[in-house]
Amino acid sequence: MTGQPVTTGYVYYANSHQRQPVEISAELKAEAIATIQAVSSLLSTGIMPAPVYSKRCSGCSLYSQCLPQAADKVGRYQEVDDL
Ligand code: SF4
């Protein structure tokens, strides 16, 4: 390592082929560490959150496995009692 501080990173969006700069602040580092700990907890317990369909899903590579719209539909399904 060079010992130089890294203050900027980049996020590359493969779908749109765009690269966006991200300022690396103390708050962002703390948020990243909290997210890593939350994911670690999910992996150790095996309990996954329910998928939430949103605009971001259109570019998601996991869409065909996640099926967020189908999960939402099943969650809203209620059987009607016989009349
Ligand atoms: S399709 Fe992707 S972005 Fe949408 S809920 Fe599933 S994993 Fe998340």
Over segment 1-47 - Rg/Rh using Cα atoms and the Kirkwood inverse-distance radius: 1.11
Within the chain, helix-based [θ] at 222 nm, where runs of 4 or more DSSP H residues each add -39,500 (n - 2.57), nearest 500: -12000 deg cm²/dmol
Rounded to 10°, Cα long-axis angle of helix 26-45 versus longest principal axis of the chain: 40 degrees
Dimensionless Rg ratio for the chain, taking C-alpha atoms and the 2.2 N^0.38 Å reference: 1.63
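Read-outs throughout are calculated quantities, based only on the coordinates presented, and are distinct from any laboratory measurement. Every value quoted in this text rests on a predicted model; they were computed, and no experiment measured them.
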